[in-house]
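Everything below concerns the one structure shown next.
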Amino acid sequence: MKLYHSANSPYVRKVMILLLEAGRAGEVTLLPAVGTPVDPGSMPLAQNPLGKVPSLERDDGPALYDSRVICRYLDDRFGSGLYPAAPRLWDTLVLEATGDGILDAALLMVYESCVRPEELHHSPWVEAQWGKVARALDALEERWLSHLAGPLCMGQIAVACALGYIDLRHDARGWREGRAGLSAFAARMAARESLKATVPPG
Ligand SMILES: N[C@@H](CCC(=O)N[C@@H](CS)C(=O)NCC(=O)O)C(=O)O
């Protein structure tokens, strides 16, 4: 298999962590891809019309995207058990959607400052994106700590990638303040070999 890859992409990091946790990273060749929404650069447009990473070329069918689909596919292929059986599955999927939703908002904030021209920056829009992140972090702190303390699942990995990305790009927002449970979860996850091996270089 071939994975279109960027070391700073938190969505790619989800896939890499799954591969490492499953002990199957050697089965995937990494193909570096670089681009933004306004300049697809070397993004895998033929494999993914949305021009995004991660995208996965596989031997048993057409290319797969996005990270949720790729992770589901690899988990099924390897039997890695990161998506538990229902009913716990529903919590895992909502948790993964929450992690990915945090990432979507956090990435839009980065694109606003790095990709859009300065004269077009709109700070109420940026703050509204941070509002989504902050509400999701509060929900995780208030309602999800028990699931986060359970057996490793793809929801936990997605949230850990989201927190790692906030550390990388929005550290000044001080997300740990008032969120001791989530901070402890981030520290526990950061100690895993799979997370240590995939820290974004920045
Ligand atoms: N929902 C997608 C999001 C992927 C995504 O936005 N990746 C970013 C890199 S972190 C990207 O490829 N951006 C290029 C673009 O939006 O054109 C997923 O889960 O895979």
Subset of segment 23-36 (residues that are touching an Asp or Glu at 6+ places or on another chain (Cβ under 9 Å) and in a helix (DSSP H, G or I)): none
Only one of these conditions is not met by LEU20: (1) outside any helix (DSSP H, G or I); (2) surrounded by fewer than 20 Cβ atoms within 10 Å (Cβ to Cβ). Which number is it? (1)
For the subset of segment 67-97 comprising residues that are surrounded by fewer than 16 Cβ atoms within 10 Å (Cβ to Cβ) and within 16 Å of the ligand (Cβ to nearest atom), which member is farthest from ALA162 (Cα to Cα)? VAL69
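Pick from PRO54, PRO40: which is touching a Phe, Trp or Tyr at 6+ places or on another chain (Cβ under 9 Å) and within 12 Å of the ligand (Cβ to nearest atom)? Talk me through it step by step, then tell me what you get.
Details: PRO40 fails: touching a Phe, Trp or Tyr at 6+ places or on another chain (Cβ under 9 Å).
Being touching a Phe, Trp or Tyr at 6+ places or on another chain (Cβ under 9 Å) and within 12 Å of the ligand (Cβ to nearest atom) holds for just one of PRO54, PRO40, which is PRO54.
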Considering LEU108, LEU64, LEU18, LEU45, which residue is touching a residue at least 40 places away in the same chain (Cβ under 8 Å) and either within 13 Å of ALA158 (Cβ to Cβ) or within 13 Å of the ligand (Cβ to nearest atom) (or both)? LEU18
Would you mind stating whether LEU56 is among the aliphatic types (A, V, I, L, M), in a strand (DSSP E or B) and under 17 Å from the mean Cα position of the chain (by Cα)? yes
Note on LEU31: of the conditions (1) within 8 Å of the ligand (Cβ to nearest atom); (2) surrounded by fewer than 22 Cβ atoms within 10 Å (Cβ to Cβ); (3) not hydroxyl-bearing (Ser, Thr, Tyr), unmet is (1)
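Each reported figure results from applying straightforward, stated rules to the coordinates on display, with no laboratory input. Computed from a prediction, not measured in an experiment: that's the story for all the values here. All Cβ positions, glycine included, derive from the backbone under ideal geometry; neighbour counts span all protein chains shown.
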